[in-house]
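Novice: I'd like to ask some things about the structure below.
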Amino acid sequence: MPEQYIAGRWTEPAGDARLEVLNPFDASVLAESAQASPDEIEAAVRAAREAFDTGPWPRTPAAERGALLRRVADLLVRDKEEIARVETLDTGKTLVESRIDVDDVTAVFRYYADLADKDAGRIVDTGQAHVRSRVVHEPLGVCVLITPWNYPLLQLSWKVAPALAAGNTMVIKPTEVTPLTSFMLVRLLEEAGVPAGVVNILLGDGRTVGAPLTEHPAVDMVSFTGGLATGQAIIRASAGTIKRVAVELGGKNPNIVFADSDFETVVDNALTAVFLHAGQVCSAGARLIVQEPMYDDLVAEIGRRAARIRLGNGLDEGTESGPLVSAAQRAKIEDFVASAHAEGARLVAGGHRPDEPELQKGYFYRPTVFADVHRGMRVVREETFGPILTVERFTTEQEAIALGNDTEYGLSGAVWTADIGRAERVAGALRHGTVWINDFGPYVPMAEWGGFKRSGNGRELGPTGLAEYQETKHVWHNTTPAPVRWFTA
Ligand code: NAD
């Protein structure tokens, strides 16, 4: 099991609670360990506090911070294959996906390396000749970074890279389900020369380690990616000390198809949108919303293609989709399927575990398609976070927009149409943080990512992703001070 990193030292966790990390392909134990003790949690926060209050990092020239991030990117390139292999073992995703993740993480470090020294603040014209007024951005302080299990390394990079670029110190609480590559990243940060105490990482679950960190009075900010209920708990926990909290939560993302779209392209993209990484993607296109003339043909073809998706070991060449991450996650999916049956949805594909003998040990579930669903059904309302696609039908543009917005979430959505005017109207009307037109899924480090409504309250990536980790200060400099003579006695 990876050791913890506190104040520049690697140590074995000393807490009582134990943790097992499993390979979801065959349920074998990849690692086991104790979890961080209350004393270690305290030590990590203290180390980050001291590194912020008196250490060199927040006072290091921004260009030097950027140079360090660039070294991390180079190390990621060097270790790409090994990191990708471990990510696949830990999450079950295919090696192809894990390699893309490492490339994306590298790009994120390079982006914030470049951005680190570009923020010069702003000069304000006060209209008073004797005043020099400027607005500057400063590092925020001690940040607690908490990540989910589906994209453990990628989600961590969206936090660590801007937090470091801005000059903060941090305590990382990675997911306890798939934590291995997070520790590999911290080893690379150490190798790249991050000063002791700037980055600390603890091992443990949400209750034992996450919750105490979110309540800690010496922590200035919590950046969290994960489920809605946990996000709500973290916002409540932070209230006592008025921390800044940024939460990236779930999604129930509409994929809207107008009948003038190219049939083959839409079928192909709709499958990838929802079944990539066995549907365990916050932006999964789990709600396919199809215009009437195309509906029946599209449902039939998607069902046929979904039934042919090759499940297997993520390390094997021909595998198109791996298992779910855990027994608990599969049980949740089976519960959703039972509820869809009970509520009258029409099963088109899947709806069961695979039959192949070699897949029996792992947490596999067949890609599943339900048609003729409606908004009242649980499987349409709630985030399933697994390989379930539901298909709804619509006739008019207004109906499509209403369906696309009829969710408490607002993370992402897509519209497919050959009519560019309609594409722009629908994209403008959708209340989601990312909208794709004739595409589904791509993102770049230069553009912000985050949710409307209950999908979150902050933004990661882009310049806003850096601002999340900065304080804003107005400096007013009176160059010719003189008595104001307000009080005359
Ligand atoms: P989760 O909420 O169960 O756990 C996320 C993290 O929070 C873990 O590290 C966990 O240990 C920690 N945690 C749990 N309880 C805590 C508490 N009380 N205090 C502090 N930390 C606590 O989420 P998950 O199951 O790991 O991930 C799946 C969820 O993440 C899905 O809802 C998915 O949509 C969401 N997600 C969102 C994005 C996005 O960009 N919006 C990206 C990836 C995943």
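Novice: Inside segment 16-48, can you point out the residues that are more than 26 Å from Arg85 (Cβ to Cβ) and surrounded by fewer than 21 Cβ atoms within 10 Å (Cβ to Cβ)?
Specialist: Applying the first criterion (more than 26 Å from Arg85 (Cβ to Cβ)) to segment 16-48 yields 16-17, 36-48.
Matches in segment 16-48: Asp16, Ala17, Ser37, Pro38, Asp39, Glu42, Ala43, Arg46.
Novice: Which strands (runs of 3 or more DSSP E) sit wholly inside segment 244-300 and have at least 1 residues that are in contact with a Pro (Cβ under 8 Å, 6 or more places away or on another chain) and assigned by TED's automatic domain parsing to the domain that holds Gly386?
Specialist: Working: elements: 244-248, 254-257, 287-291.
Because the criterion is at least 1 residues that are in contact with a Pro (Cβ under 8 Å, 6 or more places away or on another chain) and assigned by TED's automatic domain parsing to the domain that holds Gly386, the strands (runs of 3 or more DSSP E) in segment 244-300 that meet it are 287-291.
Novice: Quick one: which of Thr384, Thr407 is within 15 Å of the ligand (Cβ to nearest atom), among the polar types (S, T, N, Q), assigned to a loop (DSSP other than H, G, I, E, B) and in contact with a helix residue (DSSP H, G or I) (Cβ under 6 Å, 6 or more places away or on another chain)?
Specialist: Numbers: Thr407 fails: in contact with a helix residue (DSSP H, G or I) (Cβ under 6 Å, 6 or more places away or on another chain).
Every option except Thr384 fails the conditions.
Novice: Looking for whichever is surrounded by fewer than 24 Cβ atoms within 10 Å (Cβ to Cβ) and more than 16 Å from the ligand (Cβ to nearest atom) here; the options are Ala165, Ala113. Which one fits?
Specialist: Ala113
Novice: Name, by its number, the condition in (1) without any contact (Cβ under 8 Å) to a residue 60 or more places away in the chain; (2) closer than 25 Å to Cys282 by Cα; (3) in a loop (DSSP other than H, G, I, E, B) that does not hold for Gly204.
Specialist: Status for Gly204: all satisfied but (1).
Novice: Here's another thing I want to ask about it. Here are some conditions: (1) within 25 Å of Glu301 (Cβ to Cβ); (2) out of contact with any helix residue (DSSP H, G or I) (no Cβ under 7 Å at 6 or more places or on another chain). Ala340 meets all but one. Which one does it not meet?
Specialist: Of (1) within 25 Å of Glu301 (Cβ to Cβ); (2) out of contact with any helix residue (DSSP H, G or I) (no Cβ under 7 Å at 6 or more places or on another chain), only one is false for Ala340: (2).
Novice: If I filter segment 188-195 for residues that are part of a loop (DSSP other than H, G, I, E, B), within 11 Å of the ligand (Cβ to nearest atom) and either under 22 Å from Glu82 (Cα atoms) or among the acidic types (Asp, Glu) (or both), do I get at least one hit?
Specialist: We begin by selecting, within segment 188-195, every residue part of a loop (DSSP other than H, G, I, E, B); these are 193-195.
If we keep only those that are within 11 Å of the ligand (Cβ to nearest atom) as well, we get none.
There is no residue in segment 188-195 that is part of a loop (DSSP other than H, G, I, E, B), within 11 Å of the ligand (Cβ to nearest atom) and either under 22 Å from Glu82 (Cα atoms) or among the acidic types (Asp, Glu) (or both).
Novice: Do we find a residue being over 16 Å from Glu248 (Cα atoms), touching a residue at least 60 places away in the same chain (Cβ under 8 Å) and over 20 Å from the mean Cα position of the chain (by Cα) anywhere in segment 160-167? Quick ask: steps written out before the conclusion?
Specialist: Of the residues in segment 160-167, the ones over 16 Å from Glu248 (Cα atoms) are 161, 164-167.
Next, only the ones that are touching a residue at least 60 places away in the same chain (Cβ under 8 Å) stay: 161, 164-167.
Then drop every residue that is not over 20 Å from the mean Cα position of the chain (by Cα), which leaves 167.
Yes, there is a match, as at least one residue in segment 160-167 is over 16 Å from Glu248 (Cα atoms), touching a residue at least 60 places away in the same chain (Cβ under 8 Å) and over 20 Å from the mean Cα position of the chain (by Cα).
Novice: Report, ordered by the first and then the second residue, all pairs with beta carbons closer than 6 Å, sequence separation of six or more or different chains, a first member in segment 66-83 that is under 15 Å from Leu153 (Cα atoms), and a second member that is among the basic types (Lys, Arg).
Specialist: Matching pairs, first to second residue: Ala73/Arg110.
Novice: Oh, and also: Would you pick out the residues in segment 68-93 that are crowded, with 24+ Cβ neighbours inside 10 Å and assigned to a loop (DSSP other than H, G, I, E, B)?
Specialist: Across segment 68-93, the qualifying residues are Gly92, Lys93.
Novice: If we scan segment 421-431, do we find a residue that is within 23 Å of the chain's Cα centre (by Cα), within 27 Å of Thr265 (Cβ to Cβ), assigned by TED's automatic domain parsing to the domain that holds Arg310 and not in a helix (DSSP H, G or I)? Quick ask: steps written out before the conclusion?
Specialist: As a first pass, look at segment 421-431 and keep what is within 23 Å of the chain's Cα centre (by Cα): 427, 430-431.
After this cut, where a residue has to be within 27 Å of Thr265 (Cβ to Cβ) as well, the list is 427, 430-431.
Subsequent filtering for residues that are assigned by TED's automatic domain parsing to the domain that holds Arg310 retains 427, 430-431.
This time we only want the ones that are not in a helix (DSSP H, G or I), so: 430-431.
The answer is yes; a qualifying residue exists.
Novice: Then there is this: Among the residues of segment 200-214, write down those that are small (Gly, Ala, Ser), surrounded by fewer than 21 Cβ atoms within 10 Å (Cβ to Cβ) and farther than 12 Å from Ser238 by Cβ. Explain how you work it out, then say what you get.
Specialist: If we filter segment 200-214 for residues that are small (Gly, Ala, Ser), which is where we start, we get 204, 206, 210-211.
Restricting the remaining residues to those that are surrounded by fewer than 21 Cβ atoms within 10 Å (Cβ to Cβ) gives 206, 211.
Selection gives Gly206 alone.
Novice: If we scan segment 343-354, do we find a residue that is under 13 Å from Ala278 (Cα atoms) and within 16 Å of the ligand (Cβ to nearest atom)?
Specialist: no
Novice: Another question, if that's okay. Restricting to segment 456-489, what's the tally of residues that are more than 30 Å from Val108 (Cβ to Cβ), among the aromatic types (Phe, Trp, Tyr) and surrounded by 11 or more Cβ atoms within 10 Å (Cβ to Cβ)? Give the derivation first.
Specialist: To start, the set of residues in segment 456-489 that are more than 30 Å from Val108 (Cβ to Cβ) comprises 474-489.
With the extra rule that they be among the aromatic types (Phe, Trp, Tyr), the set shrinks to 476, 486-487.
When the remaining residues are screened for being surrounded by 11 or more Cβ atoms within 10 Å (Cβ to Cβ), the result is 476.
Adding up the residues that qualify gives 1.
Novice: With near the ligand (Cβ under 9 Å from one of its atoms) and assigned to a loop (DSSP other than H, G, I, E, B) as the only criterion, which of Thr230, Thr214, Thr178 stands out? Full working, then the answer.
Specialist: Numbers: Thr230 fails: assigned to a loop (DSSP other than H, G, I, E, B); Thr214 fails: assigned to a loop (DSSP other than H, G, I, E, B).
The unique qualifying residue is Thr178.
Novice: In this structure, is Val171 part of a strand (DSSP E or B) and assigned by TED's automatic domain parsing to the domain that holds Asp90?
Specialist: Working: part of a strand (DSSP E or B): yes; assigned by TED's automatic domain parsing to the domain that holds Asp90: yes.
Yes; evaluated as a whole, the condition is true for this residue.
Novice: Would you pick out the residues in segment 242-277 that are surrounded by 14 or more Cβ atoms within 10 Å (Cβ to Cβ) and within 30 Å of Leu140 (Cα to Cα)?
Specialist: Matches in segment 242-277: Lys243, Arg244, Val245, Ala246, Val247, Glu248, Leu249, Gly250, Gly251.
Novice: Oh, and also: Please find, within segment 17-46, the residue that is modelled with the highest pLDDT out of those that are in contact with a strand residue (DSSP E or B) (Cβ under 9 Å, 6 or more places away or on another chain), part of a loop (DSSP other than H, G, I, E, B) and of a type in the set (A, V, I, L, M, F, W, C).
Specialist: Ala36
Novice: Right, next: May I ask you to list the residues in segment 448-469 that are within 11 Å of the ligand (Cβ to nearest atom) and among the small types (Gly, Ala, Ser)?
Specialist: Hits for segment 448-469 are Gly450, Gly451, Ser455, Gly456, Gly458.
The values are calculated or read from the model by the stated rules, or taken from the named source; none is laboratory data. All values derive from a computational prediction rather than experimental measurement. Every residue, glycine among them, receives a Cβ derived from its backbone with ideal geometry; neighbour counts consider all protein chains shown.
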